[in-house]
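The values are calculated or read from the model by the stated rules, or taken from the named source; none is laboratory data. Treat the numbers as computed from the prediction; the structure is a model and nothing was measured. Ideal geometry is used to build each Cβ from the backbone, glycine not excepted, and the neighbour counts take in all protein chains shown. These area figures cover heavy atoms from the full protein model, side chains too; ligands, DNA and RNA do not enter into them. Shrake-Rupley method; radii C 1.70, N 1.55, O 1.52, S 1.80 Å.
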Amino acid sequence: MIVCVAVVGHQNNPLYIQSFTEADDALKLHHIVHCSLDVVDERVNNPKKSGPMLNETFLGLLYPIENYKVYGYLTNTKVKFILVTTDIDVKDADVRNEISCCICRCSFKSIPCAG
Amino acid sequence: MVREVSESCVDSLMTEMVACYCNRFYANKPELAARRIEAIGYQVGQQLSERYTMERPRFGDHLEAIKFICKDFWSEVFKKQIDNLKTNHRGTFVLQDNKFPWLARMSVDPSTDNVSSVEDYSAPTAESKAAQAMSMHLYFPCGIIRGALSNLGIPCAVSADISSLPACSFVVRIKA
């Protein structure tokens, strides 16, 4: 189950952040998203570690924390999509499709420009 | 469903926008009109680049981003590609379009040819007025290129140069 979705602009400014839990741990999820921004920067600036995935937009699993998994997607315009999920046996391809659907929906609605 | 707009509408909108800003809003201040038009182009370029780079893999370096502008971006906006790309490999690129669509239907006033040899010194001003009027129409595409490149993380300055209608070239200088 996806518990949190966040869209972060190119200056690491939050553009959209939404958590889908009934409990009061929205702040914890915001903190997890904030930490994942560093991981994204590290993946992008470290070409030796990324290897063949250097120019890939979908960054895959960023890091696991507690019982959550955090996935990342970086567009050409440095907009980051962060997805926090509690699913244990989720495949990369499924998450990639989810994020593509999110983006398609975003681009047909007007959200504040990242600039 | 994709919404579409006719090309002639876009052409008319561009012409009217330049005329409006130059003759009405900033009537005697061409520099301010130019800056305003360029700023509109900047915002449009940012949003267009966001839309057109959605499914592409990320760019490795500046040259790839400029090639994207020359090929995919230009064909999405103008239905044709940039005809010639030159670079000095030190951050300056020249994008040449041999038949720029927004200038293709423009004509130069032929009355500038009927000047006697005595008044030769006034001929340059008439020609330079035509050149200035023409260049006002190029601020918008310059803004589009600048907006697209800065949204891709490449701050730059873009200027246009018309030596022969309807060909024009855009000079992109990347800020180090």
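Taking only the stretch A:46-66 into account, find how many residues are at pLDDT below 80 and either under 14 Å from the mean Cα position of the chain (by Cα) or open to solvent by 40 Å² or more (accessible area, probe 1.4 Å) (or both).
Residues flagged as at pLDDT below 80 and either under 14 Å from the mean Cα position of the chain (by Cα) or open to solvent by 40 Å² or more (accessible area, probe 1.4 Å) (or both) within the stretch A:46-66 amount to 9.
Would it be correct to say that B:ILE154 is under 18 Å from B:THR53 (Cβ atoms) and either at pLDDT below 90 or surrounded by fewer than 21 Cβ atoms within 10 Å (Cβ to Cβ) (or both)?
Answer is yes for this residue.
When you scan the stretch B:13-21, do you find a residue that is open to solvent by less than 60 Å² (accessible area, probe 1.4 Å), within 13 Å of chain A (Cβ to nearest Cβ) and touching a residue at least 60 places away in the same chain (Cβ under 8 Å), even just one?
Scanning the stretch B:13-21 turns up no residue that is open to solvent by less than 60 Å² (accessible area, probe 1.4 Å), within 13 Å of chain A (Cβ to nearest Cβ) and touching a residue at least 60 places away in the same chain (Cβ under 8 Å).
Given A:LYS69, A:LYS28, A:LYS80, A:LYS91, which one is open to solvent by 80 Å² or more (accessible area, probe 1.4 Å) and basic (Lys, Arg)?
The conditions single out A:LYS91.
Scan (1) at pLDDT 90 or above; (2) out of contact with any Leu (no Cβ under 7 Å at 6 or more places or on another chain); (3) part of a helix (DSSP H, G or I); (4) surrounded by 13 or more Cβ atoms within 10 Å (Cβ to Cβ) for the single condition B:CYS9 breaks and write down its number.
(4) is the only condition that B:CYS9 fails.
Between a residue in the stretch B:123-139 that is modelled with pLDDT under 80 and any residue that is polar (S, T, N, Q), which pairs come within a Cβ distance under 9 Å, given they are 6 or more apart or on different chains?
B:ALA123/B:THR112; B:ALA126/B:SER111; B:ALA126/B:THR112; B:GLU127/B:THR112; B:LYS129/B:THR112; B:ALA130/B:THR112
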